[in-house]
Amino acid sequence: MLERLEREKQRADKANEAKSTFLANMSHEIRTPINAVMGMNEMILRESAEPATLEYAKNIQSASKTLLVIINDILDFSKIESGMMELVEEPYSLKTLLKDLWTECIARAKDKGLALTFNVPEDTPDDLFGDEVRVRQVILNILTNAIKYTMKGSVTLTVAYEKQAQGLVKLSFAVADTGIGIKQENIGRLFGKFDRVNEEQVHAIEGTGLGLSIVDKLVTLMNGTVTVESEYGKGSVFTVILQQKLNGEATVGSLKEQPEPRGEQVSAGPLFVAPNAKVLAVDDNKVNLAVIRGLLRKTKVQVTCVTSGRECLEAAAKERYDVILLDHMMPVMDGIETLEELNRMPDNRSRDAKVIVLTANAIAGVREMYLEKGFDDYLAKPIEGAALERLLVKYLPPEA
Ligand code: ADP
């Protein structure tokens, strides 16, 4: 019997491992084409002056963003299910987090004619220590739901806090809406996977029924709670309570200078212009290279494109580049091997180049993994024009 149990366990471990590999691969395989779609589409948004074309392109942008959210949800969900989700705790600013949430939500609320309000006491601690990405994800999810399931009226986020012993603070985020509400008998099902309630009302609203299940699991992982009070037909209040560590004395102060919505991004001009900067882009996928080149066109940066690790080494031996954008998953020699080789090469003229890994691998904790491997920074695909520009501004020499 013991032998049989041992065999079963090995089989289960193997299956679990296969699932992880499958996830990492799927994440990569799905994000790569979305990267191309979003990148090419961003170029249409930047370059077309044709109103009808711009309208089509905006719809493509909005649909691809939704697709990306769904893919991320499925990945997160599977990660949590297989126990692979780990919290990454770091210092962060609650004020920045709230401002970002505001920016993400205000356009959607305005589109539906809903009033969006954030009530945050000015003395709420700002300087916190915790997994910012997951805290943000949880609150964003609940805010997005509130906006999604409210046809008229308002959505209000109210933050409250209570300092506790040992440098801890208990934070409460309550999101109240005047939406469709949830029947009492359905509240228990809300957090189940793929479960949507009020089918007759919500079937026309996009959703997978995964959001709240992820919220519930993430909150549990962070030792917090999420609760719901709702009156069918009137509205709901979702309350998330989390404990975070205090990292300093600063307070969030006034959020009043809440930025106006940027709208769907069609950036007016580039963040910078650097005609003397040399960037080497390495990716085995030619469409991705075209995306990078197109996204950087207006910055006037000199972009050289190559399609393999081997060609990257040759280029670095010939020319001094300021920044190397290096894809991770490439056949023959992947990005990590290429970086190691770059560091070993005696005749590397780009020794001082900052090397940024570009990757469609979105599994949690990869950022740390890449920094540990020696990359200077990390950029996830699909690459956003604005994010790419921000990274380059950080790493290009000012004189360029
Ligand atoms: P999705 O929104 O993708 O369907 P969620 O897991 O986020 O999935 O939500 C599950 C279900 O809970 C939704 O389908 C909806 O029926 C209900 N729900 C969630 N938030 C609200 C809300 N603010 N008001 C009314 N119903 C909600």
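The values are calculated or read from the model by the stated rules, or taken from the named source; none is laboratory data. Given the structure is predicted, the values throughout are model-derived calculations rather than measurements. Because the Cβ atoms are built from the backbone with ideal geometry, glycine has one as well, and the counts that use them run over all protein chains shown.
Worth a mention:
- Qualifying residue in the range 209-221 (condition: under 22 Å from Ile80 (Cα atoms), surrounded by fewer than 19 Cβ atoms within 10 Å (Cβ to Cβ) and either among the small types (Gly, Ala, Ser) or over 27 Å from the mean Cα position of the chain (by Cα) (or both)): yes
- Taking the range 293-312 as the range and being crowded, with 21+ Cβ neighbours inside 10 Å and either free of Cβ contacts under 8 Å to residues at least 12 places away in the same chain or in a helix (DSSP H, G or I) (or both) as the test, the residues that pass are Leu295, Leu296, Thr299, Gly309, Cys312.
- Selection count, the range 55-78, where residues are free of Cβ contacts under 8 Å to residues at least 40 places away in the same chain and hydrophobic (A, V, I, L, M, F, W, C): 5
- Scan of the range 200-241 for residues that are at pLDDT below 90 and more than 8 Å from the ligand (Cβ to nearest atom), ordered by number: Glu200, His203, Ala204
- For the range 186-196, a residue qualifies if it is without any contact (Cβ under 8 Å) to a residue 60 or more places away in the chain and either surrounded by fewer than 17 Cβ atoms within 10 Å (Cβ to Cβ) or in a helix (DSSP H, G or I) (or both), and the qualifying residues are Asn186, Ile187, Gly188, Arg189, Gly192, Phe194, Asp195.
- Pair list, Cβ < 8 Å and 6+ apart or interchain, from the range 327-353 residues that are closer than 24 Å to Leu388 by Cβ to residues that are aromatic (Phe, Trp, Tyr): His328/Tyr370; Leu339/Phe375; Ser350/Tyr321; Ala353/Tyr321
- Scanning the range 145-173 for residues that are out of contact with any strand residue (DSSP E or B) (no Cβ under 8 Å at 6 or more places or on another chain) and over 24 Å from Glu89 (Cα atoms), we see that the one that is nearest to the ligand (Cβ to nearest atom) is Lys148.
- Filter pass, Ser48 being among the hydroxyl-bearing types (Ser, Thr, Tyr), assigned by TED's automatic domain parsing to the domain that holds Leu23 and either within 19 Å of the chain's Cα centre (by Cα) or closer than 23 Å to Leu358 by Cβ (or both): no
- Count - residues of the range 174-185 that are more than 8 Å from the ligand (Cβ to nearest atom) and outside any strand (DSSP E or B): 4
- Number of positions in the range 97-133 that are within 21 Å of Gly253 (Cα to Cα) and among the aliphatic types (A, V, I, L, M): 7
- Looking only at residues of the range 218-245 that are out of contact with any strand residue (DSSP E or B) (no Cβ under 7 Å at 6 or more places or on another chain) and either touching a residue at least 60 places away in the same chain (Cβ under 8 Å) or of a type in the set (Ser, Thr, Tyr) (or both), we find that the one that is nearest to Ile139 (Cα to Cα) is Leu218.
- Here Leu5 fulfils each of the conditions (1) surrounded by fewer than 17 Cβ atoms within 10 Å (Cβ to Cβ); (2) modelled with pLDDT under 85 apart from (2).
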